[in-house]
1. Can you work out ³J(HN,Hα) from phi for every residue in segment B:275-286, in order, using Karplus 6.51 cos²θ - 1.76 cosθ + 1.60 and θ = phi - 60°, giving whole Hz and x for Gly and Pro?
2. Under the rule of at least 5 residues apart or a separate chain, name every residue whose amide H is placed under 5 Å from the amide H of B:ALA231.
3. For label points placed 7 Å from Cα toward Cβ, what is the shortest-first list of nm distances from A:SER309 to its copies?
4. Averaged across the residues of A:65-75, what count of C-beta atoms belonging to other chains lies within 10 Å of each residue's C-beta?
5. Just tell me which lysines come within less than 18 Å, Cα to Cα, of A:LYS259; anything on the same chain fewer than 8 places away is out.
6. Take every residue in peptide B:28-38, count the Cβ atoms of other chains within 10 Å of its Cβ, and give the average of those counts.
7. Put a point 7 Å out from Cα along the line to Cβ at B:GLU272; what are the distances to that point in the other copies, in nm, shortest first?
8. Kindly write out, for segment B:295-312 in residue order, the coupling ³J(HN,Hα) from the Karplus curve 6.51 cos²θ - 1.76 cosθ + 1.60 (θ = phi - 60°), rounded to whole Hz, with x marking Gly and Pro.
There are 2 protein chains.
Amino acid sequence: MKLPPFDEFIDKLKHFDRKMLSKAFTLNESTLEIHNDLFDSILNALKPVEDQSLVIGITGIPGVGKSTFIESFGSYLHQLGKKIAVFAIDPSSQNTQGSILGDKTRMEQLSRLPNVFIRPSPSSNQLGGLGLNTHKNIALAKAIGFDIILVETVGVGQSETMVKELCDLFLLLMMPGSGDELQGVKKGIMEMANLLIVHKADGELIEAAEKSKKELEAALHYTRDHSDENAVFLYSSLTQKNADAIWNWIERWILNRKKNLDFYKNRKKQDEFWFDYEWKQLLIKHISETHRDTLNDLQSEITKGNFISRKQIIERILYQSYL
Amino acid sequence: MKLPPFDEFIDKLKHFDRKMLSKAFTLNESTLEIHNDLFDSILNALKPVEDQSLVIGITGIPGVGKSTFIESFGSYLHQLGKKIAVFAIDPSSQNTQGSILGDKTRMEQLSRLPNVFIRPSPSSNQLGGLGLNTHKNIALAKAIGFDIILVETVGVGQSETMVKELCDLFLLLMMPGSGDELQGVKKGIMEMANLLIVHKADGELIEAAEKSKKELEAALHYTRDHSDENAVFLYSSLTQKNADAIWNWIERWILNRKKNLDFYKNRKKQDEFWFDYEWKQLLIKHISETHRDTLNDLQSEITKGNFISRKQIIERILYQSYL
């Protein structure tokens with residue numbers, strides 16, 4: 001990877017240079033320590049005094065139109081003068097048919113707007129593999145000064161939990177339709193969401209969408225504690241209907257969260273989560289590399305049929321390293 | 001936990017004493033090192049010269065009747081004189097509403113038969129928490145001499161991958177019904193399965209079941225490489241219809257796998273998987289306990305807003321331990 005001198009790199013990143021952003025994120029997602037080091041230095045050099053960015057997580061079942069929503073609502077936010085970065089979390093990308101954002105034709109219009117950057121989900125042919133460093137990508141996007149950072153989930157499996165640990169506000173997209181459709185969304189996910197949006201509320205689906213909205217509001221009324229205000233909106237990606245109302249609601253919600261300090265408490269809790277996640281990943285990577293012989297020895301003894309207890313495994317690793 | 005003297009403990013386990021089996025598995029699932037040590041000693045003491053057991057993984061979407069199938073087909077196997085152990089893998093048990101096997105009324109008949117042992121899925125109020133040591137439970141069941149070890153998945157999320165790494169044969173239960181229902185099963189799961197069984201093939205559902213069988217056979221024909229023979233059967237848990245045919249097929253399939261050595265290659269690969277899994281778990285647990293201060297220091301610096309790079313994190317942990 002060809003890189004400019006450090007100061008020039010930083011300067012270009014501050015000016016939202018698409019090519020440099022791409023390179024920076026690739027450094028983070030790389031499995032090479034030297035790349036990660038450089039990324040961390042960049043992140044450190046960029047660290048702003050005050051962080052004005054807002055991270056919005058977006059989930060919903062496959063087919064609900066997450067990319068379409070991001071393209072449409074993102075364009076609306078862009079018109080308001082916001083600088084926007086889009087990421088995807090896909091911890092299961094090894095197993096899914098296609099990468100969710102890798103398809104270059106998606107969000108094509110949004111991706112061409114100035115001060116908008118869309119990071120495709122790392123796929124297996126890229127350096128990063130599983131995209132497990134997305135939290136660092138988001139930290140860089142914050143440091144550079146993106147106003148709005150949208151994080152899309154694949155909407156299946158465990159990606160929602162990861163995104164919840166990354167975002168200030170968690171948005172669930174729903175299909176217009178009857179109770180049956182609502183059940184496609186796992187109970188836990190609905191409880192995680194701060195904002196529910198019934199998508200595709202246009203044309204023939206308007207009535208169904210309105211019915212869904214009422215059902216969701218009723219459901220929220222019963223299942224939620226009322227410590228957090230939450231809301232249900234209709235949205236159409238075709239007409240951008242309700243974009244104003246949704247954005248106003250988000251602004252008020254965030255302001256309120258900042259006032260009562262929940263916003264900052266949540267970010268602190270997230271820092272703790274990611275530190276815990278990170279040291280474990282780093283330690284395993286380090287021991288895998290430095291203790292390869294011990295691990296191979298243990299492995300081959302076990303496959304030969306020798307019994308090795310848990311205590312012996314950890315002692316053998318520790319003995320080699322005087323841990 | 002009250003335990004008998006070691007030799008008596010071993011002897012009772014060899015005689016499939018239900019109470020002692022329960023205690024042994026609890027030692028394994030415990031988070032206390034001293035319990036795990038004792039379990040490992042028991043496992044070492046029991047290790048048989050030859051392992052004649054067969055591990056069958058069973059999956060399928062919720063509602064397909066996995067427990068009912070195990071109760072019915074397990075009773076059939078018991079009539080053949082087989083000693084049977086049943087486990088459940090539920091890595092997501094924290095989040096699901098109820099434990100799958102914890103409900104004592106399930107598999108009630110099967111659980112009362114001699115030489116049958118059903119291990120409920122560890123729930124959070126038990127020592128083990130998430131049941132991540134199931135592979136060791138299965139090792140003990142093999143060492144004690146259970147002939148058939150059935151491992152049930154919850155059928156959602158990632159439990160299938162774990163079970164695949166535990167079993168000699170992977171069985172997928174399907175609902176009778178049209179193509180729509182078939183799509184509820186993730187593509188990857190169907191490809192993992194060695195044996196497909198259309199369940200509830202009785203009464204009004206017989207026709208639908210037969211149709212499903214034909215569709216599955218057609219689907220297998222196109223999606224599978226033919227390196228492994230595989231089959232689709234109908235089954236009724238009410239009538240035990242086809243139990244003979246299914247068991248005969250399994251016996252022939254396993255015999256064939258043993259002849260071409262795939263059976264042993266698979267077990268070796270599984271040993272490698274679980275060793276890799278195990279040392280990582282053990283290492284993280286060890287460092288969490290022994291390096292608590294360093295980790296807390298790092299944590300509090302980060303939450304104060306100080307920047308700490310990945311390199312610094314690992315160096316701080318290593319410095320403390322001269323790793």
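1. Residue by residue, segment B:275-286 yields 5, 4, 4, 6, 5, 5, 4, 5, 5, 4, 4, 5 Hz.
2. Long-range HN contacts for B:ALA231: B:LEU196.
3. When each copy's label point is compared with this one, the spacings are 4.3 nm.
4. 0
5. Straight-line reach from A:LYS259, under 18 Å: A:LYS268, A:LYS269.
6. 1
7. Result for B:GLU272, in nm, nearest copy first: 4.0.
8. 5, 5, 4, 4, 4, 6, 5, 5, 5, 6, x, 6, 8, 10, 7, 4, 4, 5
Every number in this text was worked out from the coordinates using simple rules, so none of it is lab data. Computed from a prediction, not measured in an experiment: that's the story for all the values here. Virtual Cβ from ideal backbone geometry, glycine too; neighbours counted across all protein chains shown.
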